[in-house]
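Heads up: the structure comes next, in structure tokens.
Read-outs: derived from the displayed coordinates by stated rules, not from any lab. Because the structure is a prediction, the values reported are computed rather than measured.
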Amino acid sequence: MTSHTHSPCMCKSLGHLKPGETACITNLAKLSDAVSHRLLDLGVTKGTLVKVKRCSLLGGPLMLEANGQLFGLRRVEATLIEVDAC
């Protein structure tokens with residue numbers, strides 16, 4: 001019997017942050033190519049500091065700030081982005 005030990009990941013998804021919270025992006029790999037390219041165009045990559053400005057009600061989009069830019073992102077897509085405290 002093999003024993004596997006995994007270190008707990010403190011990562012959480014961008015979609016679970018509350019307004020005013022800030023985190024660093026750690027993983028964008030789960031996103032579709034189209035969304036990844038659009039974020040890359042905005043300069044949002046692994047290691048980017050992102051702040052949640054507003055959350056829409058009932059699972060709507062998030063308003064985010066990164067690199068001095070405000071942009072919206074669907075909550076479904078935001079939950080695919082892993083973040084960690086900076």
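What residue among Leu57, Leu17, Leu40 shows peak mean-square fluctuation when the chain is described by a Gaussian network model with Cα springs under 10 Å? Checking each option, the largest mean-square fluctuation is seen for Leu57. The Cα atoms of the range 9-86 define a convex hull whose projected area, averaged across directions, is 4.6 nm².
Note that the range 27-44 has calculated 3J(HN,Hα) couplings of 7, 10, 5, 7, 6, 5, 4, 4, 5, 4, 5, 5, 5, 4, 4, 8, x, 8 Hz, one per residue in order, obtained from phi through the Karplus relation 6.51 cos²θ - 1.76 cosθ + 1.60 (θ = phi - 60°); glycine and proline are x. Every helix of 4 or more DSSP H residues in the chain counts as -39500 (n - 2.57), and over all residues that averages to -3500 deg cm²/dmol at 222 nm.
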